[in-house]
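J.: One structure is given below, represented as structure tokens, and several questions about it will come after.
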Amino acid sequence: MKKIYIPILILLIFSGCESFVENTSSSISYVTDEEINDPANIPFLINGVLNDYSSAHTYVSLWADLLSDALVNDGKVQGSTDVRGEYLDNGSYDPTVGTYAPPYQAIAKVWRSANSLKLRLDLMDGDESSERYGYYTAYLYQALPCYLLGTYYGNGPSYPGDGGATLNESAFLPSGELYSMAVAYFDSAMVYADDHQEKIIHSLLGRQYLYEGNYSAAAQHALLGLQQGDESFNALPGEEDPWPNWYWYEAGSNRTRYTLASRFKHFLGEDFEDTNGNGIWDSTETYTDCAITGADVGQGNGIYDGPLEPEEIIRLPLSVAAMTPGQSYSRYFQMKYPFADSPVPIIDWKETHLILAELALRGESVNVTAIDAINAVRSAHGLQLLTSVDYEVLLHERDKELFCQGQRLIDQNRFSELLNWHLPESETWHYLPVPFEEVLNNPNYP
């Protein structure tokens, strides 16, 4: 080691410090507030907020689907070596364990980024167009973290009587307060919104009020929300250093850590080798057994299950997962998001129509019948129209239309009594029933 350092020391002595660094550039390890507050940085700051939210939204949605009956963790799938995923799949969520904290931290990061954008805009003197979009973004993306916390971390089995979270080291905030904060931010964003952005906000408010149980307010906003043909509002990775779509990253073609509940494949029918070319499975033909519908206990049922709704391949794109050697059944993973930067719908006109359908079933005046609202969604996919609709049909349509969007757990909680769904006790709340300070103060937190 001494023979290595001595020549370097001699070089420093005889060369001198100035000549040793004379060709280096000036330090860029820090920037001043004045440099950050340059109006030219508004697009950069906005991009950071969008990127942060894409990460948080897909992260929370993925875990919500795993806690629900949408995704499963099967250790016999190659790449599915995840004890945490097994706990989540079984409805076991301990927010005091540090490995469960990242989605919450991602949500908090979004709020801080959006709040910082707003504070920077207050100090800038940029052009009206960029500042207007900046303020719209800042308020909208402060609203969305409050919505996520109030919905996924707040709603408990006796909601709204329990549940809540903290936000940016705040005091504990019950779900109702988080929702009120979201409404205030949405209202502020509305001031800076264009016509399409106003529809987005109304759709988001319609959904939030629906989940809160305020159906008259939900109807008021959903009627003003996204209409057929309007562009979807998506979670999009930023242009610089984009965070990958978490469904692609952990439950898709990148890695099949989590796979789909078997019912999705049973809608389409199990795969088989059509050796005689007649288009149907014959008893002499080899088929790929899929895990038991509903049970998802890691085994097939030993018989060929034909397609229940083969046309749903339009809404349920999936692919067979690689299993460990010796397995007699297969799992399947989603292909709705085939790439790292695949956009995830935050809300679109189809979900808004399903909200209107539910409100119509609940007796609200929404200027459309439940069946017409649902059939408009099915028609957009070229699917056969329905002739009758009830809550069970509505939930079935939501299950397929909102496939891999993190909504299934919310619906299971909202309709558990109506449809007599019996979830494990640990699955009847969303995420965080205790103040997050308990996570941070836990000695096991990394």
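J.: What's the number of the only condition in (1) under 30 Å from Ser55 (Cα atoms); (2) among the hydrophobic types (A, V, I, L, M, F, W, C); (3) touching a Phe, Trp or Tyr at 6+ places or on another chain (Cβ under 7 Å); (4) at pLDDT 95 or above that Leu359 fails to meet?
T.: Single failed check for Leu359: (1).
J.: Against the conditions (1) open to solvent by 20 Å² or more (accessible area, probe 1.4 Å); (2) modelled with pLDDT under 95; (3) assigned to a helix (DSSP H, G or I), where does Asn115 fall short? Just the number, please.
T.: Of everything listed in (1) open to solvent by 20 Å² or more (accessible area, probe 1.4 Å); (2) modelled with pLDDT under 95; (3) assigned to a helix (DSSP H, G or I), Asn115 misses just condition (2).
J.: Among the candidates Glu177, Glu128, Glu169, single out the residue that is in contact with an Asp or Glu (Cβ under 9 Å, 6 or more places away or on another chain), among the acidic types (Asp, Glu) and modelled with pLDDT under 95.
T.: From the options Glu177, Glu128, Glu169, the qualifying one is Glu169.
J.: Any residue in segment 134-150 that is under 13 Å from Asp187 (Cα atoms) sitting within a Cβ distance under 6 Å of a residue that is hydroxyl-bearing (Ser, Thr, Tyr) and open to solvent by less than 10 Å² (accessible area, probe 1.4 Å)? List the pairs, counting only those 6 or more apart or interchain.
T.: Tyr141/Tyr53
J.: On the basis of being within 28 Å of Lys76 (Cα to Cα) and modelled with pLDDT of 95 or more, does Asp399 make the cut? Can you show your working first?
T.: Working: within 28 Å of Lys76 (Cα to Cα): yes; modelled with pLDDT of 95 or more: yes.
It is true that Asp399 is within 28 Å of Lys76 (Cα to Cα) and modelled with pLDDT of 95 or more.
J.: Moving to a separate point now. Can you pull out the residues in segment 212-232 that are in contact with a Lys or Arg (Cβ under 7 Å, 6 or more places away or on another chain), open to solvent by less than 60 Å² (accessible area, probe 1.4 Å) and either within 24 Å of Met181 (Cβ to Cβ) or of a type in the set (Lys, Arg) (or both)?
T.: Residues satisfying the conditions are Gly225, Leu226.
For every residue, the table says whether it meets (1) touching a residue at least 24 places away in the same chain (Cβ under 8 Å); (2) among the polar types (S, T, N, Q); (3) crowded, with 22+ Cβ neighbours inside 10 Å; (4) under 27 Å from Gly134 (Cβ atoms).
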| site | (1), (2), (3), (4) |
| --- | --- |
| Ser170 | no, yes, no, yes |
| Leu178 | yes, no, yes, yes |
| Tyr185 | yes, no, yes, yes |
| Ser188 | yes, yes, no, yes |
| Tyr192 | yes, no, no, yes |
| Glu198 | yes, no, no, yes |
| Leu204 | yes, no, yes, yes |
| Gln208 | yes, yes, yes, yes |
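J.: Kindly indicate the residue of segment 101-133 that is of a type outside the set (Lys, Arg) and without any contact (Cβ under 8 Å) to a residue 40 or more places away in the chain and also nearest to Trp246 (Cα to Cα) among those meeting that condition. Outline the logic, then answer.
T.: From segment 101-133, those of a type outside the set (Lys, Arg) are 101-108, 110-111, 113-117, 119, 121-131, 133; that's our starting set.
Okay, now just the ones that are also without any contact (Cβ under 8 Å) to a residue 40 or more places away in the chain, so 105, 119, 122, 128-129.
On the way: Gln105: 15, Leu119: 30, Asp122: 34, Glu128: 35, Ser129: 33 Å.
Filtering segment 101-133 for residues that are of a type outside the set (Lys, Arg) and without any contact (Cβ under 8 Å) to a residue 40 or more places away in the chain, the one nearest to Trp246 (Cα to Cα) comes out as Gln105.
J.: Evaluate segment 54-62: report whether one residue or more is assigned to a loop (DSSP other than H, G, I, E, B), among the hydroxyl-bearing types (Ser, Thr, Tyr) and surrounded by 16 or more Cβ atoms within 10 Å (Cβ to Cβ).
T.: Going through segment 54-62, the residues assigned to a loop (DSSP other than H, G, I, E, B) turn out to be none.
No, there is no match, as no residue in segment 54-62 is assigned to a loop (DSSP other than H, G, I, E, B), among the hydroxyl-bearing types (Ser, Thr, Tyr) and surrounded by 16 or more Cβ atoms within 10 Å (Cβ to Cβ).
J.: Using beta carbons and a limit of 8 Å, which pairs, at least six apart or on different chains, have the first residue in segment 238-256 and open to solvent by 50 Å² or more (accessible area, probe 1.4 Å) and at pLDDT below 90 and the second one in a loop (DSSP other than H, G, I, E, B) and among the aliphatic types (A, V, I, L, M)?
T.: Pro242/Ala340
J.: From the list Gln384, Gln412, which residue is out of contact with any Leu (no Cβ under 9 Å at 6 or more places or on another chain) and either in contact (Cβ under 8 Å) with a residue 40 or more places away in the chain or farther than 26 Å from Ser80 by Cβ (or both)? Full working, then the answer.
T.: Working: Gln412 fails: out of contact with any Leu (no Cβ under 9 Å at 6 or more places or on another chain).
From the options Gln384, Gln412, the qualifying one is Gln384.
J.: While we're on this one: Restricting the search to segment 98-143, which residues are out of contact with any helix residue (DSSP H, G or I) (no Cβ under 8 Å at 6 or more places or on another chain) and within 17 Å of Thr166 (Cβ to Cβ)?
T.: Gln105, Arg112
J.: Yes or no: Val320 free of Cβ contacts under 8 Å to residues at least 60 places away in the same chain and farther than 29 Å from Gly85 by Cβ?
T.: Values: free of Cβ contacts under 8 Å to residues at least 60 places away in the same chain: yes; farther than 29 Å from Gly85 by Cβ: no.
Against the criterion (free of Cβ contacts under 8 Å to residues at least 60 places away in the same chain and farther than 29 Å from Gly85 by Cβ), Val320 does not qualify.
J.: Go through (1) at pLDDT below 95; (2) not in a loop (DSSP other than H, G, I, E, B) and name the single condition Ser283 misses.
T.: (2)
J.: Hey, another quick one. Any idea which of Leu316, Leu308 is open to solvent by 30 Å² or more (accessible area, probe 1.4 Å) and modelled with pLDDT of 95 or more?
T.: Leu308
J.: On to the next question. In this structure, is Ser328 among the hydroxyl-bearing types (Ser, Thr, Tyr) and more than 24 Å from Leu62 (Cβ to Cβ)?
T.: Values: among the hydroxyl-bearing types (Ser, Thr, Tyr): yes; more than 24 Å from Leu62 (Cβ to Cβ): yes.
Taking the combined requirement at face value, the residue satisfies it.
J.: Something else about it: Against the conditions (1) open to solvent by less than 40 Å² (accessible area, probe 1.4 Å); (2) modelled with pLDDT of 95 or more, where does Ala235 fall short? Just the number, please.
T.: Of everything listed in (1) open to solvent by less than 40 Å² (accessible area, probe 1.4 Å); (2) modelled with pLDDT of 95 or more, Ala235 misses just condition (2).
J.: In this structure, is Asp74 buried (at least 23 other Cβ atoms within 10 Å of the Cβ) and among the charged types (D, E, K, R)? So that I can check it myself, show each step before the final result.
T.: Working: buried (at least 23 other Cβ atoms within 10 Å of the Cβ): yes; among the charged types (D, E, K, R): yes.
So Asp74 fits the description; yes.
J.: Can I ask one more? Please specify each residue of segment 33-86 satisfying the condition of being touching a helix residue (DSSP H, G or I) at 6+ places or on another chain (Cβ under 6 Å) and at pLDDT below 90.
T.: Result: Asn37, Ile42, Arg84.
The values are calculated or read from the model by the stated rules, or taken from the named source; none is laboratory data. Note that this is a predicted model, so its numbers are computed, not measured. When we count neighbours, we look across all protein chains shown, and the Cβ atoms used for this are built from the backbone with ideal geometry, even at glycine. For accessibility, only protein heavy atoms count, side chains too; no ligands or nucleic acids. Shrake-Rupley method; radii C 1.70, N 1.55, O 1.52, S 1.80 Å.
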